[in-house]
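Structure, as structure tokens:
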């Protein structure tokens, strides 16, 4: 969907200590700073507790972020609210305000998870 290589945008801080993290490529419309700043991005991983968003959005750690997922028809279909926990050159790590159980169930994410413990090109390891 987003035509990206998720392997190139991983971060060692994204691990599975809070549950299984699933590799996805979901385009999103992201807003922060009380909606005054917005950008398109791509959700590259998701778990019940958080995710990684590839974005140029200038969101700082501890700021609120709102995501609207975009379906294949270009329609906004699901909202996620959370807090930016960290920022990298590629995007932001987010902790959801509420568990994303319904989203994971809706997407049918049950068996393919991504192992973020392996070195990536981005980490230089």
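Couple of notes before you dig in:
- Filtered residues of segment 19-49 (kept if in contact (Cβ under 8 Å) with a residue 24 or more places away in the chain, at negative phi and part of a loop (DSSP other than H, G, I, E, B)): 20, 21, 47, 48, 49
- Counted residues, segment 64-93 - those being within 13 Å of the chain's Cα centre (by Cα), more than 16 Å from residue 40 (Cβ to Cβ) and in a strand (DSSP E or B): 8
- Qualifying position, being modelled with pLDDT under 85 and more than 20 Å from residue 59 (Cβ to Cβ), among 11, 16: 16
- Every listed requirement among (1) in a loop (DSSP other than H, G, I, E, B); (2) at pLDDT below 90; (3) surrounded by fewer than 17 Cβ atoms within 10 Å (Cβ to Cβ) is met by residue 61 save one, (2).
- The set of residues from segment 94-108 being closer than 18 Å to residue 34 by Cβ and assigned to a loop (DSSP other than H, G, I, E, B) comprises just one member, 97.
- Of everything listed in (1) modelled with pLDDT of 95 or more; (2) crowded, with 17+ Cβ neighbours inside 10 Å; (3) under 19 Å from residue 22 (Cα atoms), the single unmet condition for residue 81 is (2).
The values are calculated or read from the model by the stated rules, or taken from the named source; none is laboratory data. For clarity, every value in this text was computed on a predicted model and none was experimentally measured. Counting neighbours? That spans all protein chains shown, and the Cβs are built from the backbone with ideal geometry, glycine included.
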